[in-house]
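Engineer: Pasting in a structure now, in structure tokens, and then I'll have a few things to ask.
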Amino acid sequence: MSKLYSGAEIVFKCLEDQDVEFIFGYPGGAVLPIYDELKNHSSIKHILVRHEQGAGHAAEGYARSSGKPGVVLVTSGPGATNVVTALTDAYMDSVPLVCISGQVPTHLIGTDAFQECDTTGITRPCTKHNWLVKDIKNLSKTLHEAFKVATTGRPGPVLVDIPKDVQFAKISYSKPKIEKKLNGKSSNNFSQKDIDNLIDLMNKSKKPIFYTGGGVINSGPEASDSLRELVQVTGFPITSTLQGLGAYPGDDNQFLGMLGMHGTYEANNAMHDCDLLINIGARFDDRITGKIDEFSPNSKKIHIDIDPSSINKIIKVDLALVGDVNDVLKSINKTLKSKKIDLKKSNKQKISNWWEQIQKWRTKNSLNFKNSDENIKPQHAVQRLYELTKDKDTFITTEVGQHQMWAAQHYKFNKPNRWMTSGGLGTMGYGLPAAVGVQIAHPKKLVIDIAGEASVLMTMQEMSTAVQYNLPIKIFILNNQYMGMVRQWQELLHEKNYSESYSEALPDFIKLAEAYGCKGIMADKPSELDEKIQEMVQYNGPVIFDCRVDPNENCFPMIPSGKPHNQMILGPSEKEENKITGKGKALV
Amino acid sequence: MSNPKSAYSVSTKKEKSDTHIIVVWVDNEAGVLARVVGLFSGRGYNIESLAVAEVDAKKNISRITIVTTGTPQVIDQIKLQLKKLVPVHKVADFKRNDKSVIFKEMALFKVVGNTNKIKKAINACKKYNAVILDKTKKSNVIQITALRREIDKMSKNLKKFGLVSVSRTGAVAMTRGDKVFN
């Protein structure tokens, strides 16, 4: 008879067979058998966080920077409920996570036992799928399927809930067999005819634009290479969503910058005026489209996406190619080559007027701001941070708010997987634990969390994790004492009634850093900024950098809510004439 | 759109809503109905009626029939979102006025009254495959199978004949002829 393993051993057998190296977790009563087994599996390292939400975000940072699924281990009840925010965040941004949660023993389920909650019920709407494993016979099959569901098709989080008695029960284990494809849920569904149609449209177009998103990143680094090839071969302009930054070099001349609510003037106007819009791995999010009725009114629209339900969800498109971004892009590149179509040459005349128009928009210099000698402007701080770290293959995470947008606008990314930010859910407190996960995946790289002082306080406890594992993450706080984006909206929409958006009591971040056992740095003068940033970068250990910035700065340009792309506010002077009124006020 | 899916899609164009019958084949496992129903409530789609039961005990397959109303775009989304659920095998969609599909609902009526009234009630039900399931001197339980609007009409009409209780199912559907949906 083959050897019998306990459920807890099976969990680790599965993790080993899935080549898992790190688990982010927090122990508790209902997962103790699994924690007891940890010591026998040296290839798997457990990272002890300080709060389960931190475990989830750290696993997200790990997954997004490495391309591998992040694994989370939490206990029942509060352990599971605490991880819900991170699961939802991962679901919105398509990050592959496998969360294993403990559950009360099967005979106690439904009795309101201590630390019991309906974990699969609670996480059903925020996971791709979840399982409650009531029988040890199903455990290994379920765990392997969990990894498959999380990583195939459009990636996302899954959860496996394991009652404590199942962790103790014994059964034999066999390695998983070569798996069949998920019944059509992850496969490509586009034909050569679609590719030919697309190329035909590209040939005819006079005002084309590529609009790329996180799907390019999720498709793997090769997809970024394919994208670069396509963009260079066609000579078309390209803009990217928040999540897609890094897929195409941010400092290239064909790149128009980020689009959307806080995107550049040239990117948004090009989206509005184009005659051919090629969406590659983006989902027409409302931050991108602005007013739907007036979104890119004169264009043929093409959508390349792995998720069929993304097609025609918000914007009706003329041609849809359902498939993995890299497969589609490779197919396009190959066809262009085999047909010897040189769009750059043949289309040069046609699109030269388009590029002229784009250059005109560019002269508006929409990311410009008035710098100051007295106060540190937050945009200036990000620019200096970029200049002083751009040669280092730096990984950036952010929290959510103004600082996030300034980071997206002013930090230029040249490689995929270097930019981790919470876009869909907009989770304040994401960046610090995400930086922990990124640093775990890339121990030798420079990892910076560009943060806001309000956001970072939500998950500040994870500094303790960073210190425990000697993770030299740098928390670069743009401290304006306000929930800046809330304050900005109150200024624009609520007659400057700054209701509860000012933090009257903030900690002394230097002392806080020291209390955690890391280094604290403070800067409040533009003249000392460079030197202090250097000091932060050179310090071998975690740093909290309190960068005191102008508290009244707003994030521009901005498409006011309910307005189309071509009605942007460029700066403070334009606010009055473009006031948000009527229906726009009710939008988020 | 009558059912905007994003705050930004406040549209001036109004698309026509239609009633559709969505048939979903799923693994018969714990929580699968909650997944399907949760998808509808979570995304703001409405359910007019719902019928679910296992149809293949060997393969462990249940068939869920959902009647819903929406614009073509919403109906498309419903189907695509359903197909993404892991335990879902296939999804079929029929318009309610599709002549090639049979739709049926069942209802039980309890009628209490004198023989004369009960007789009238049975008579009224005759054209809807009436079956008497229970009979006493004072009461009758009548089963009919019919379309939704016919049952609506009957439950109204039978009031004057002593209708005291109505129990009805959701719609079930099947294509006519020898074709099977795949």
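The values are calculated or read from the model by the stated rules, or taken from the named source; none is laboratory data. What you are looking at is a predicted structure, and each value in this text was computed from that prediction instead of being measured. All Cβ positions, even for glycine, are placed from backbone atoms using ideal geometry, and neighbour counts span all protein chains on display.
Engineer: Any residue in the range A:385-395 that is assigned to a strand (DSSP E or B), more than 18 Å from A:ALA58 (Cβ to Cβ) and in contact (Cβ under 8 Å) with a residue 40 or more places away in the chain?
Structural biologist: no
Engineer: Let me ask another. Just checking, does the range A:461-475 include any residue being in a loop (DSSP other than H, G, I, E, B), surrounded by fewer than 18 Cβ atoms within 10 Å (Cβ to Cβ) and in contact with an Asp or Glu (Cβ under 9 Å, 6 or more places away or on another chain)?
Structural biologist: no
Engineer: Out of B:GLY70, B:GLY113, report the one residue that is away from chain A (no Cβ under 14 Å) and either surrounded by 18 or more Cβ atoms within 10 Å (Cβ to Cβ) or within 23 Å of A:ILE314 (Cα to Cα) (or both).
Structural biologist: Step by step, each of B:GLY70, B:GLY113 is checked, and only B:GLY113 is away from chain A (no Cβ under 14 Å) and either surrounded by 18 or more Cβ atoms within 10 Å (Cβ to Cβ) or within 23 Å of A:ILE314 (Cα to Cα) (or both).
Engineer: For the range A:286-306, how many residues are among the charged types (D, E, K, R) and at pLDDT below 95?
Structural biologist: The total comes to 5.
Engineer: Output the residues belonging to the range A:99-111 that are of a type outside the set (Gly, Ala, Ser), surrounded by 22 or more Cβ atoms within 10 Å (Cβ to Cβ) and away from chain B (no Cβ under 14 Å).
Structural biologist: A:CYS99, A:ILE100, A:VAL104
Engineer: Output yes when any residue across the range A:326-344 is free of Cβ contacts under 8 Å to residues at least 12 places away in the same chain, assigned to a loop (DSSP other than H, G, I, E, B) and within 14 Å of chain B (Cβ to nearest Cβ), and no when none is.
Structural biologist: no
Engineer: Taking the range A:532-565 on its own, how many of its residues are surrounded by fewer than 18 Cβ atoms within 10 Å (Cβ to Cβ) and either in a loop (DSSP other than H, G, I, E, B) or at pLDDT below 95 (or both)?
Structural biologist: Qualifying residue count, the range A:532-565: 5.
Engineer: Kindly provide the set of residues from the range B:64-96 that are part of a loop (DSSP other than H, G, I, E, B) and over 18 Å from the mean Cα position of the chain (by Cα), ordered by number.
Structural biologist: The answer is B:THR71, B:LEU85, B:VAL86, B:PRO87.
Engineer: Taking A:SER352 as meeting all but one of (1) in contact with an Asp or Glu (Cβ under 9 Å, 6 or more places away or on another chain); (2) outside any loop (DSSP other than H, G, I, E, B); (3) polar (S, T, N, Q), write down the number of the exception.
Structural biologist: Among (1) in contact with an Asp or Glu (Cβ under 9 Å, 6 or more places away or on another chain); (2) outside any loop (DSSP other than H, G, I, E, B); (3) polar (S, T, N, Q), the lone unmet condition for A:SER352 is (1).
Engineer: Now for a separate question. Mind checking which pairs have a first residue in the range A:541-568 that is within 14 Å of another protein chain (Cβ to nearest Cβ) and touching a residue at least 40 places away in the same chain (Cβ under 8 Å) and a second that is in a strand (DSSP E or B) and crowded, with 21+ Cβ neighbours inside 10 Å, Cβ under 7 Å, 6 or more apart or different chains?
Structural biologist: Short answer, once both residue conditions are applied: A:PRO560/A:ILE569.
Engineer: Further, regarding this structure: Identify, by number, the condition in (1) assigned to a loop (DSSP other than H, G, I, E, B); (2) within 23 Å of A:GLY257 (Cβ to Cβ) that A:GLN488 doesn't meet.
Structural biologist: (1)
Engineer: Mind counting the residues in the range B:111-142 that are free of Cβ contacts under 8 Å to residues at least 24 places away in the same chain, basic (Lys, Arg) and part of a loop (DSSP other than H, G, I, E, B)?
Structural biologist: So the count comes out to 1.
Engineer: Among A:LYS519, A:LYS496, A:LYS511, which is the only one that is under 20 Å from A:ASN554 (Cβ atoms) and free of Cβ contacts under 8 Å to residues at least 60 places away in the same chain?
Structural biologist: On inspection, the qualifying residue turns out to be A:LYS496.
Engineer: Of the residues in the range A:433-455, how many are buried (at least 22 other Cβ atoms within 10 Å of the Cβ) and closer than 21 Å to A:LEU388 by Cβ?
Structural biologist: Number satisfying all stated conditions: 9.
Engineer: Among A:VAL537, A:VAL543, which is the only one that is touching a Leu at 6+ places or on another chain (Cβ under 7 Å), of a type in the set (Val, Ile, Thr) and within 23 Å of A:GLN404 (Cβ to Cβ)?
Structural biologist: Step by step, each of A:VAL537, A:VAL543 is checked, and only A:VAL537 is touching a Leu at 6+ places or on another chain (Cβ under 7 Å), of a type in the set (Val, Ile, Thr) and within 23 Å of A:GLN404 (Cβ to Cβ).
Engineer: Tell me whether the range A:10-23 contains one or more residues that are touching a residue at least 40 places away in the same chain (Cβ under 8 Å), surrounded by fewer than 24 Cβ atoms within 10 Å (Cβ to Cβ) and among the aromatic types (Phe, Trp, Tyr).
Structural biologist: yes
Engineer: Please enumerate the residues belonging to the range A:112-125 that are farther than 23 Å from A:GLU9 by Cα and buried (at least 22 other Cβ atoms within 10 Å of the Cβ).
Structural biologist: Scanning the range A:112-125 gives a single hit, A:THR123.
Engineer: Here is a follow-up. If a residue must be over 24 Å from A:MET460 (Cβ atoms), surrounded by fewer than 23 Cβ atoms within 10 Å (Cβ to Cβ) and of a type in the set (S, T, N, Q), how many such residues does the range A:367-408 contain?
Structural biologist: 5
Engineer: Which of the following residues is modelled with pLDDT of 95 or more, in contact with a Lys or Arg (Cβ under 8 Å, 6 or more places away or on another chain) and not small (Gly, Ala, Ser): A:GLU37, A:GLU60, A:GLU52, A:GLU21?
Structural biologist: Being modelled with pLDDT of 95 or more, in contact with a Lys or Arg (Cβ under 8 Å, 6 or more places away or on another chain) and not small (Gly, Ala, Ser) holds for just one of A:GLU37, A:GLU60, A:GLU52, A:GLU21, which is A:GLU21.
Engineer: Working carefully through the options A:GLY290, A:GLY263, find the one that is within 14 Å of chain B (Cβ to nearest Cβ) and either buried (at least 24 other Cβ atoms within 10 Å of the Cβ) or touching a Leu at 6+ places or on another chain (Cβ under 6 Å) (or both).
Structural biologist: So the residue among A:GLY290, A:GLY263 that is within 14 Å of chain B (Cβ to nearest Cβ) and either buried (at least 24 other Cβ atoms within 10 Å of the Cβ) or touching a Leu at 6+ places or on another chain (Cβ under 6 Å) (or both) is A:GLY290.
Engineer: Of everything in the range B:89-107, what is more than 24 Å from B:GLN143 (Cα to Cα) and either within 9 Å of chain A (Cβ to nearest Cβ) or surrounded by fewer than 17 Cβ atoms within 10 Å (Cβ to Cβ) (or both)? Give them in sequence order.
Structural biologist: Across the range B:89-107, the qualifying residues are B:HIS89, B:LYS90, B:LYS95, B:ASN97, B:ASP98, B:LYS99, B:SER100.
Engineer: Does B:PHE94 count as in contact (Cβ under 8 Å) with a residue 12 or more places away in the chain and over 27 Å from A:ASP161 (Cβ atoms)?
Structural biologist: The answer is yes for B:PHE94.
Engineer: Right, something else. Going through the range B:23-63 one residue at a time, which ones are in a loop (DSSP other than H, G, I, E, B), within 14 Å of another protein chain (Cβ to nearest Cβ) and under 26 Å from B:VAL74 (Cβ atoms)?
Structural biologist: B:GLY31, B:ARG43, B:GLY44, B:TYR45
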